[in-house]
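Q: Okay, handing you the structure first.
What follows draws every value from the coordinates through simple rules; no lab data is involved. Computed from a prediction, not measured in an experiment: that's the story for all the values here. Cβ atoms come from the backbone with ideal geometry, glycine included; neighbour counts cover every protein chain shown.
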Amino acid sequence: MNKKSLPPLVSTMMRAPMSRMDVLTESEVQEINHKSKLVKKYSELIDRESAYEMLNKKIAVTNEEAAKQEMQKEEAKVPKQQQGQTTADAVSKSVLKVLTSATFIRGALVILNKIIKK
């Protein structure tokens, strides 16, 4: 073997650990907790809102505000005369608008044309 590739040998002194590899007893845990300054601070349970909950609340509030603004815009678009109309008048106007639309008439004529050709 090549002597340059091997590290030099060094004498060392090692001491076995002085700790114990066992579960702490209840009295030892209590003693450690009593002496600790961190236990007083971090042992208090606090149930705070998570970021997920806060974001969901913000989204809900924003959606509600957007819906309110949309309703206000729709109410502003409707003329004052139409606000007093009954729902029957509004429905009849909607039906009349659909029946007189070019798309509906074109569709009806196509269907009639197919029926006649048979």
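Q: Please build a GNM for the chain, connecting alpha carbons under 10 Å apart, and tell me which residue among 68, 77, 35 fluctuates the most.
A: Answer for the Gaussian network model of the chain: 35.
Q: Which of the peptides 26-34, 45-53 is most tightly packed, and how do the rest follow, going by the mean number of other Cβ atoms within 10 Å of each residue? Before the final figure, lay out each step's value.
A: Details: 26-34: 10.1, 45-53: 7.3.
Answer by packing, highest mean first, reads 26-34, 45-53.
Q: Another question, then. For the chain, set up a Gaussian network in which alpha carbons nearer than 10 Å are linked by springs, and say which option among 92, 43, 19 fluctuates the most.
A: Comparing 92, 43, 19 in a Gaussian network model of the chain, the most mobile one is 19.
Q: With runs of 4+ DSSP H residues as the only contributors, calculate the mean residue ellipticity of the chain at 222 nm using -39,500 (n - 2.57) per run, divided by the residue total and rounded to the nearest 500. Provide the component values of the computation, followed by the final result.
A: Details: 6 runs with 75 residues, N = 118.
Helix contribution divided over all residues of the chain: -20000 deg cm²/dmol.
Q: To the nearest 10 degrees, how steep is helix 102-117 against the longest Cα principal axis of the chain, on a 0 to 90 scale?
A: Between helix and principal axis, roughly 70 degrees.
Q: Give me the Kirkwood hydrodynamic radius of the range 1-51 in Å, from all C-alpha pairs, to one decimal place? It would help to have the intermediate numbers written out before the result.
A: Numbers: mean 1/r = 0.0587 Å⁻¹.
Kirkwood hydrodynamic radius for the range 1-51: 17.1 Å.
Q: Would you kindly state how much longer the chain becomes between residue 41 and residue 106 on full extension, computed as 0.36 nm times their sequence separation minus their alpha carbon distance, in nm to one decimal?
A: Numbers: separation 65, 0.36 × 65 = 23.40 nm, distance 7.70 nm.
Extra length from residue 41 to residue 106 when fully extended: 15.7 nm.
Q: Okay, moving on. Report the net charge of residues surrounding residue 59, where surrounding means a beta-carbon distance below 12 angstrom and charges are Lys +1, Arg +1, Asp -1, Glu -1. Please list the in-between numbers first.
A: Details: positive: 57, 58; negative: 53, 64, 65.
Result for the local shell: -1.
Q: Additional query: For the chain, find the longest principal axis of its Cα atoms and tell me its angle to the long axis of helix 26-35, 0 to 90°, nearest 10.
A: Its long axis makes an angle of about 80 degrees.
Q: Any idea what angle helix 51-77 forms with the longest principal axis of the chain, computed on alpha-carbon atoms, 0 to 90 degrees, nearest 10?
A: Tilt of helix 51-77: around 10 degrees.
Q: Rg(Cα) of the chain divided by 2.2 N^0.38 Å?
A: For the chain, the normalised Cα radius of gyration comes out at 3.06.
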